[in-house]
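Written out below as structure tokens is the structure these notes cover.
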Amino acid sequence: MSMVGTRVIRKEDPNLITGRGLFTDDVSIMGTTIMAFVRSTEAHADIVSVDLAEARALPGVLVVITVDDLETQELPGAFMRTVLAKDRVRFVGEPIAVVVAEDRYIAADAVELVQVTYRPLPLVITPVEALAVGAPLVQEALGTNVCFEVPWPQEQIDQVDRAFEAAPRQASTTFHSQRVHPVPMEPSAILADWGPDKLTVWASTQMPHGLRNCLSSFLGVPQHQCRVIQPDVGGGFGAKVQQYPELFLAPILSKRLGRPVKYVQTRTECFAIMCSGRDQHHEIDVAFDDDGHILGLRSLIHADLGAYPDLPNSFGMPTLTNWMSSGCYKIPAIVAGYKCVLTNKTPQSAYRGAGRPEASFLAERVVDLIADETGIDPAEVRLRNFIPTDEFPYKVPHAEVYYDSGNYPLSLHEALRLCDYENLKVERDRRNADASEKLMGIGFSTWVEIAAFGPRGALEGFGHIGSYESAQVKIQPDGTAIIATGASPHGQGTHTTLAMIAADELHMSIDNITVRSGDTDTTPQGVGTMGSRTAAIAGEATKQASIKVFQNACKIAAHMLEANPDDLECVDGLFQVKGVPSKTIPWSQVGWAGLSPTLLPDDIPAGCLESTVFAEPTGFTYPAGAYVCVVGIDRDTGHVEVEKFYSVDDCGTVINPLLAEGQVQGGIIQGIAQALFEEMVWDSAGQPLTTTLMDYLAPAASDVPSIIDGRTNTPTPHNSLGAKGIGESGTIGSTPAVVNAVVNALAQYGVKNIAMPISPQRVWRILNQAQGA
Amino acid sequence: MIPPKFDYVKARSADEALAALAEHGEDAKLLAGGHSLIPLLKLRLSSPSVLIDIGEIADLSYINDGGTHIAIGAATTHRTVAHSELLRAQVPLLAHATGQVGDPQVRNRGTIGGSIAHGDPASDQPAVLVAIDAVLVARSATGSQREIPAGEFFRSFLETALAPDEMLVEIRVPKIPGAGWSFQKFNRRAQDWAIVGVAAVLDGTSAGIGLVNMGGTPVRAKATEEALAGGASPAEAAAHAADGTDPPSDLNADPDYRCHLARVLVGRALHEARS
Ligand SMILES: Cc1cc2nc3c(=O)[nH]c(=O)nc-3n(C[C@H](O)[C@H](O)[C@H](O)COP(=O)(O)OP(=O)(O)OC[C@H]3O[C@@H](n4cnc5c(N)ncnc54)[C@H](O)[C@@H]3O)c2cc1C
């Protein structure tokens, strides 16, 4: 029986749930020292002086340095940023000095003894402020706060203008996908040990190979002497792809001290300096006809990148938004462009969904706007505008983007069936007419995203070495298998996924397969786990490597059975001539023979039961789905509750439904969180106000609904598994469904748009004003 | 998230704790469940040089029948209070409200005495005690013991009537088995403090209504209580719930919205307490 498609329990779990996980902070080496940062308390200021004397004099303090003590000062992978602030600080939390001490307590005390004097400067917190004439400049040398721009191309402008002129109706609106912040259970962590012959780094990262390559060139240490180990990682969500100062300072200081140096971020620091996500402001015009057909779209984005964009990820986020801004709709004319704006805030970069949640928000809110304007049911407007199922591969009009495959009406019809839409509408109208009931709203999101990064060149543009992923399958002498992959999972359950794929191709029990990842010395070069790429690409690499190994295994078994390899099959780990179960050779004998040359046929070399494959996909994949959200709103308090959430995902072939559901549920909850709960807030002086989990409202289990899920399967042609990727879908699809539902519930009060997060106070204001009017 | 240096004293009895408090004076802080104090230490917002741990003192953890009242030891955990059969029967409002504090981890360690002594107007139990006219018993190392009515205990934000050498030892709550009651807690996430909360007891037209997070201290909704006593309907009375309050402003709510919530929640509380 095939493993792929079955609900296999995670191989990772027994360790994690019995407390035997090994996270960076759990790694202890004798003599380890602790690193801590002195961070800016000002959002924009000249550094007048930094007095390190008292901190240096504290017993137990080993070293205290500023940027002046560093040979190489520029932070790799960041825009105009030094490893520690040089002369000027540009956001609250920016590291100014670094302390290493014997323990965590001394380090924290020493941080308090460093005296920094500032000369405060005027600052900018929003793109509107940053773009005002005469605005203070975040980077004076740049001469502007616009650090990158993709203007509207002229031919697209003309085309869209013509579409708008011919269109019977048009509408304009603005959206803000507000700043949200990753909340991995484990914040950033690193342990660096620079010994006499090599540098070893344990890091809570999403891409050990990328980090190794970067450290090696920054520190001038050859790659064979630079080893990055990714132990268990407590979540990344895109924020552990970036190059942070601590990743370079820990090795530098380890070398200087001749001792291991460890840094473990606190939650408050995590809010202050880990890259946050979203923060795009959209200006949208849409042209349509009386039947709800979309005829043209103009989109202009202002992306607020904070003080130091992460290069080139931060600049790339709005590119992805632009690519996907037509959603799953056939829109004949589109013009899309953006400006990246610097502000005195924490850097912004990739966060689960990375540019696509903003796109799905745009597209899904626009369709609802048209439904509202034309009075046509939002489900019907969607059906009228979907890219027809027979038009794949489909090229969007405004970019070199080719949707691989899809069946959008199928997903929506399935969602309508799941939620029993006709009855839901009756229920909604009844409740909304009865003042003793909570208001009710139904919201849709029929979203599409871009995943499985990617075909050749896709990630190279983002600074990665390649876009492939790797897997190495090695049969051991006892016939069991160890698989080493360049993918670097951090909670996704990839070891289980890859073992399932290998088990099918090797015809071996999954219990006889171990997957290893996250060690640059022992796994093949990899790119990393991000961009919903691992199942599609590392999965494909595992599959192809397993197939090669199995072919050789058949040759060995055939030699032992004195049969033709083509006549063999392998059933439950036993090789036999097809249909002849009386004489079998177990995997254990084949494995032994593979490494015992006297048992091999002459033309088969020892070691033939090992294979390494770098899988290169032929294109991006485009997972899609249809979500329906039902909200109830307390008429007196304005409190919004998600009463029901229906999800129909189409990620092509599902390898493990259990893991896919986990990804979808977590993702949907993150999307609901953006709609209703979470926002990073800074005051006008640039002080972050949401730096603890008391103020930053990441929801818990009791605050979110259970999710009723369905599925359709439209495989991708870009890998032989047909898998599209599922890691970010929920986050990308769910936010607009919630907002559409709230707007739907409040439509009777004339509401057409509402800002996120939709706090009870915000809703109460609307209800209160409506009653006053 | 790393506290400054402190010395730690583990007290085995109330007397030991009081002696230590007298010895170390204002530099010392009592440590009960630690669920308010430890976060302050970790954020370096408080830096006592000595912590006197009273969390495991047996003679401070009890729930006893005192005749007309129930006596609760200050170091009794929220969980014990919430699950007490005696309290559920005699002062169900307190048991129920305590069950709404934070999440199970918080309730397993946090104590009623810590919650009261901390004096946070956003906490649940202080408003309950104010509503039911509880009495707080404080003791000092000199052996003097005084009884402070809950209404006089909370002075201003995080300030109470306790002197630096005093410890809260007991909370006395009147038995009110027959009274109608309601506890309304409005928040955005289940484990959070209330944005606004209401603790109400109702006996005929006599009401005690405590408001959570509507000022620097837990306050009584006096105007509503008086309106009810004067024969107003619950709806009429609830309209006065925010009169005379001075609610705070934060990311969740501005004063206007808090006043509105107080009126809505008091209305709901009176409705529930009557039925
Ligand atoms: C995540 C989280 C959520 C929470 N949610 C809520 C909530 O929803 N509602 C709510 O009401 N509370 C909430 N709390 C607070 C919780 O109830 C605390 O436990 C309580 O406020 C303090 O009790 P403690 O025993 O932990 O006191 P500690 O933290 O140990 O002490 C608090 C203060 O009181 C002093 N103190 C303690 N005991 C005495 C005594 N006997 N005499 C004199 N002084 C004393 C200490 O010196 C200290 O200053 C929450 C806490 C957390 C961490």
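Okay, here's what the table says:
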{"item": "Residue that is farthest from B:Glu166 (Cα to Cα), among those in segment B:80-100 that are crowded, with 24+ Cβ neighbours inside 10 Å and within 13 Å of the ligand (Cβ to nearest atom)", "result": "B:Ala97"}
{"item": "Test: residue in segment A:502-517 that is over 23 Å from A:Ser2 (Cα atoms), within 17 Å of the chain's Cα centre (by Cα) and among the small types (Gly, Ala, Ser)", "result": "no"}
{"item": "Residue in segment A:1-31 that is farthest from the chain's Cα centre (by Cα), counting only those that are within 29 Å of A:Arg104 (Cβ to Cβ) and aliphatic (A, V, I, L, M)", "result": "A:Met30"}
{"item": "First in segment B:36-50 and within 19 Å of B:Trp193 (Cα to Cα) and assigned to a helix (DSSP H, G or I), second anywhere and near the ligand (Cβ under 8 Å from one of its atoms) and among the charged types (D, E, K, R), Cβ under 9 Å, 6 or more apart", "result": "B:Leu37/B:Lys29"}
{"item": "Residue that is farthest from B:Ser249 (Cα to Cα), among those in segment B:185-222 that are open to solvent by 30 Å² or more (accessible area, probe 1.4 Å) and not charged (D, E, K, R)", "result": "B:Gly204"}
{"item": "Condition met for B:Thr77 (polar (S, T, N, Q), within 15 Å of the chain's Cα centre (by Cα) and open to solvent by 30 Å² or more (accessible area, probe 1.4 Å))", "result": "yes"}
{"item": "Residue in segment A:215-228 that is under 23 Å from A:Gln492 (Cβ atoms) and in the same structural domain as A:Ser28 (by TED's automatic domain parsing) present", "result": "yes"}
{"item": "Verdict on B:Glu56 being away from every other protein chain (no Cβ under 14 Å), at pLDDT below 95, outside any helix (DSSP H, G or I) and open to solvent by 20 Å² or more (accessible area, probe 1.4 Å)", "result": "yes"}
{"item": "Scope segment A:12-47; condition open to solvent by less than 70 Å² (accessible area, probe 1.4 Å) and part of a loop (DSSP other than H, G, I, E, B); matching residues", "result": "A:Glu12, A:Gly19, A:Gly21, A:Val27, A:Ile29, A:Gly31, A:Thr32, A:Ser40, A:Glu42, A:Ala43, A:His44"}
{"item": "Members of segment B:243-259 that are more than 9 Å from chain A (Cβ to nearest Cβ) and touching a helix residue (DSSP H, G or I) at 6+ places or on another chain (Cβ under 6 Å)", "result": "B:Asp243, B:Pro247, B:Ser249"}
{"item": "Residues of segment B:33-53 that turn out to be open to solvent by less than 20 Å² (accessible area, probe 1.4 Å) and either within 16 Å of B:Leu136 (Cβ to Cβ) or of a type in the set (Val, Ile, Thr) (or both), as a count", "result": "2"}
{"item": "Residues within segment A:314-328 that are crowded, with 24+ Cβ neighbours inside 10 Å and in contact with a helix residue (DSSP H, G or I) (Cβ under 7 Å, 6 or more places away or on another chain), tallied", "result": "6"}
{"item": "Among residues of segment A:172-182, those that are surrounded by fewer than 16 Cβ atoms within 10 Å (Cβ to Cβ) and of a type outside the set (S, T, N, Q), counted", "result": "0"}
{"item": "Which listed residue, of B:Pro121, B:Pro3, is part of a loop (DSSP other than H, G, I, E, B) and open to solvent by less than 10 Å² (accessible area, probe 1.4 Å)", "result": "B:Pro121"}
{"item": "Residue list for segment B:124-136, filter: touching a strand residue (DSSP E or B) at 6+ places or on another chain (Cβ under 7 Å) and near the ligand (Cβ under 10 Å from one of its atoms)", "result": "B:Asp124, B:Pro126, B:Ala127, B:Val128, B:Leu136"}
{"item": "Identity of the residue in segment B:6-20, in contact with a helix residue (DSSP H, G or I) (Cβ under 7 Å, 6 or more places away or on another chain) and in a loop (DSSP other than H, G, I, E, B), that ends up nearest to the other protein chains (Cβ to nearest Cβ)", "result": "B:Ala11"}
{"item": "Residue that is nearest to the ligand (Cβ to nearest atom) [pool: residues in segment B:59-79 that are within 13 Å of B:Ser115 (Cβ to Cβ) and in a helix (DSSP H, G or I)]", "result": "B:His78"}
{"item": "Subset of segment B:175-216 [closer than 15 Å to B:Asp243 by Cα, of a type in the set (Val, Ile, Thr) and more than 14 Å from chain A (Cβ to nearest Cβ)]", "result": "B:Ile209, B:Val212"}
{"item": "Which numbered condition B:Met167 fails, given (1) open to solvent by less than 10 Å² (accessible area, probe 1.4 Å); (2) among the aliphatic types (A, V, I, L, M); (3) within 15 Å of the chain's Cα centre (by Cα)", "result": "(3)"}
{"item": "Residues (assigned to a strand (DSSP E or B) and not hydroxyl-bearing (Ser, Thr, Tyr)) located in segment A:460-485", "result": "A:Glu469, A:Ala471, A:Gln472, A:Val473, A:Lys474, A:Ile475, A:Ala481, A:Ile482, A:Ile483, A:Ala484"}
{"item": "Search result, residues across segment B:260-275 that are within 13 Å of chain A (Cβ to nearest Cβ) and open to solvent by 70 Å² or more (accessible area, probe 1.4 Å)", "result": "B:Arg263, B:Arg268, B:His271"}
{"item": "Qualifying position, being open to solvent by less than 20 Å² (accessible area, probe 1.4 Å) and either among the hydroxyl-bearing types (Ser, Thr, Tyr) or within 14 Å of chain B (Cβ to nearest Cβ) (or both), among A:Ala107, A:Ala97, A:Ala167", "result": "A:Ala107"}
{"item": "Some residue of segment A:359-372 being in a loop (DSSP other than H, G, I, E, B) and in contact (Cβ under 8 Å) with a residue 24 or more places away in the chain", "result": "no"}
{"item": "Residue tally, condition within 14 Å of chain B (Cβ to nearest Cβ) and part of a loop (DSSP other than H, G, I, E, B), over segment A:238-280", "result": "2"}
{"item": "A:Met530 vs. criteria within 25 Å of A:Pro581 (Cβ to Cβ), part of a loop (DSSP other than H, G, I, E, B) and touching a residue at least 60 places away in the same chain (Cβ under 8 Å)", "result": "no"}
{"item": "Hits in segment B:101-118 (condition: more than 8 Å from the ligand (Cβ to nearest atom) and either outside any helix (DSSP H, G or I) or within 14 Å of chain A (Cβ to nearest Cβ) (or both))", "result": "B:Pro104"}
{"item": "Scope segment A:681-721; condition among the β-branched types (Val, Ile, Thr) and either assigned to a loop (DSSP other than H, G, I, E, B) or within 8 Å of chain B (Cβ to nearest Cβ) (or both); matching residues", "result": "A:Val681, A:Thr690, A:Thr691, A:Thr692, A:Val704, A:Thr712, A:Thr714, A:Thr716"}
{"item": "In segment B:21-45, the residues that are small (Gly, Ala, Ser), within 12 Å of the ligand (Cβ to nearest atom) and more than 14 Å from chain A (Cβ to nearest Cβ)", "result": "B:Ala28, B:Ala32, B:Gly33, B:Gly34"}
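The values are calculated or read from the model by the stated rules, or taken from the named source; none is laboratory data. Quantities reported herein were computed from a predicted structural model and do not represent experimental measurements. Heads up, the Cβs are rebuilt from the backbone with ideal geometry, glycines too, and the neighbour counts pull from every protein chain shown. Accessible surface areas use protein heavy atoms only, side chains included; no ligands, DNA or RNA. Shrake-Rupley method; radii C 1.70, N 1.55, O 1.52, S 1.80 Å.
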